[in-house]
Amino acid sequence: MADLKERLLPPKPASALNVREIANRPAASGRQAFQGVDVLGLKKRGQGLRSWIRVDTTGNSQDIEVDKFTIMRRCDLPARDLRLLDPLFVYPSTILGREKAIVVNLEQIRCIITADEVLLLNSLDSYVLHYVMELQRRLTANGAGEVWQSDGSDMNRRRGSRNLDNVFSNSSPDYLPFEFRALEVALEAACSFLDAQAAELEIEAYPLLDELTSKISTLNLERVRRLKSRLVALTRRVQKVRDEIEQLMDDDGDMAEMYLTEKKRRMELSFYGDQSMVGYKSVDGASISAPVSPVSSPPDSRKLEKSFSIARSRHESMRSSESTTESIEELEMLLEAYFVVIDSTLNKLTSLKEYIDDTEDFINIQLDNVRNQLIQFELLLTTATFVVAIFGVVAGIFGMNFEIALFNVPSAFQWVLIITGICGAFIFSAFVWFFKYRRLMPL
């Protein structure tokens, strides 16, 4: 039977045999190794690869699969910031400026923006694809100017680093940095998405509210209730985006932290400045590693070196402060533009909510009016019932079992009806006059 089973069954792979042999092999202590551990699925569970869309500064996009820790090391982000981008969790809209990246969570747009690339979670959502296409279009449109600017900066760096104006040359202020353009497209996509939802809600709301005012029914009230729930949820989302933009505009430190290209440029300039200092010392014949005797070194070179370092530090601080102020102004103008857009969307939703509240007040007034009419009718009906009860009292008196002379008069019954009717009408008129006098009924 064992020989027949070996001939019929396919041979087992060598990897499985090796793993099983290692697992069943007794260890030095007499216990089995890897007991209760799934060795084959351990690496597969620990990978956690996710598909990302990467867009570089030239507009080229590609799909990459990396894990969470690679993204953390690549963008220098903590794990709590990556949780904002997880589609399994629902977080409010957030824009975070970090040392080397900007974390953006605006509705469907969840991305990481650095000075060189944009990383988005690969999604089939139409707004994400539209964001990628729009970003590529803008980067491609401005690609020629950026290439010219980068070539010019490289030529300035190759020209000799002794000239301070060439070393500390600023980039052209006529265009936004890469991270600001990516942030602008994200803000535009989020604002357009929210504004489209607000417009769709307005188109659906106004006819429904007009129909409700003309005909109050359970179906219309239920539809308005669902509409108001959607309105409250959308208003909360728009308010969160508005508050996030306003918070960034009020904090100059956060805006300066988001200028990633400027940080990268300062690091490069400091590196080239150090290289220029080393070249200047080497040209003058002074060695960095070898000690220099204070007698042999001329004092003029020391003074020149000291004055050069002081001028360099002052120039660097002045240029950095000016560039920081300029970058804050650029970002503030960008945020202010979309703050106006999102504030307009919020005003639309606020006006719609006020219209719904006015409709509810109008419906309550109508219901109160109907309720008052019912109360007035009930009051009249109660008064009429009291007048009719008088006839019952008269009938009860004349229905007693005793003999009186009035029973023998032929016209007595008619006179009793006439007198009772006149008294009932007088009593009813008195009640109606009293109700009008006390304003319990309309005149």
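The values are calculated or read from the model by the stated rules, or taken from the named source; none is laboratory data. Owing to the predicted nature of the structure, the values given are computational and were not obtained by experimental measurement. Every residue, glycine among them, receives a Cβ derived from its backbone with ideal geometry; neighbour counts consider all protein chains shown. In case anyone asks, the SASA skips ligands and DNA or RNA and just uses the protein heavy atoms, side chains included. Shrake-Rupley method; radii C 1.70, N 1.55, O 1.52, S 1.80 Å.
Values for this structure:
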| read-out | value |
| --- | --- |
| Filtered residues of segment 65-94 (kept if part of a strand (DSSP E or B) and free of Cβ contacts under 8 Å to residues at least 24 places away in the same chain) | GLU65, VAL66 |
| Single unsatisfied condition, ASN372 versus (1) surrounded by 10 or more Cβ atoms within 10 Å (Cβ to Cβ); (2) farther than 30 Å from SER214 by Cα; (3) not aliphatic (A, V, I, L, M) | (2) |
| So PHE407, is it at pLDDT below 90, of a type in the set (Phe, Trp, Tyr) and surrounded by fewer than 11 Cβ atoms within 10 Å (Cβ to Cβ) | yes |
| Meets criteria (over 22 Å from GLU134 (Cβ atoms) and at pLDDT 80 or above) for ARG83 | yes |
| Where ASP361 falls short, out of the listed (1) open to solvent by 100 Å² or more (accessible area, probe 1.4 Å); (2) under 30 Å from LEU208 (Cβ atoms); (3) of a type in the set (Asp, Glu) | (1) |
| Qualifying residue in segment 293-307 (condition: open to solvent by 80 Å² or more (accessible area, probe 1.4 Å), modelled with pLDDT under 90, touching a Gly at 6+ places or on another chain (Cβ under 8 Å) and assigned to a helix (DSSP H, G or I)) | no |
| Residue satisfying all of: in segment 217-239; of a type outside the set (Ser, Thr, Tyr) and open to solvent by 70 Å² or more (accessible area, probe 1.4 Å); farthest from GLN366 (Cα to Cα) among these | ARG237 |
| In segment 95-136, residue farthest from LYS68 (Cα to Cα) [restricted to those that are small (Gly, Ala, Ser) and part of a loop (DSSP other than H, G, I, E, B)] | ALA115 |
| GLU65 modelled with pLDDT of 85 or more and open to solvent by 40 Å² or more (accessible area, probe 1.4 Å) | yes |
| Among the candidates ALA337, ALA412, ALA389, ALA430, residue that is of a type outside the set (Asp, Glu), without any contact (Cβ under 8 Å) to a residue 24 or more places away in the chain and under 30 Å from ARG181 (Cα atoms) | ALA337 |
| Close pairs from segment 126-155: first at positive phi and open to solvent by 40 Å² or more (accessible area, probe 1.4 Å), partner assigned to a helix (DSSP H, G or I) and modelled with pLDDT of 50 or more, Cβ under 7 Å, at least 6 apart | none |
| Hey, LYS353 open to solvent by 60 Å² or more (accessible area, probe 1.4 Å) and in contact with an Asp or Glu (Cβ under 7 Å, 6 or more places away or on another chain) or not | no |
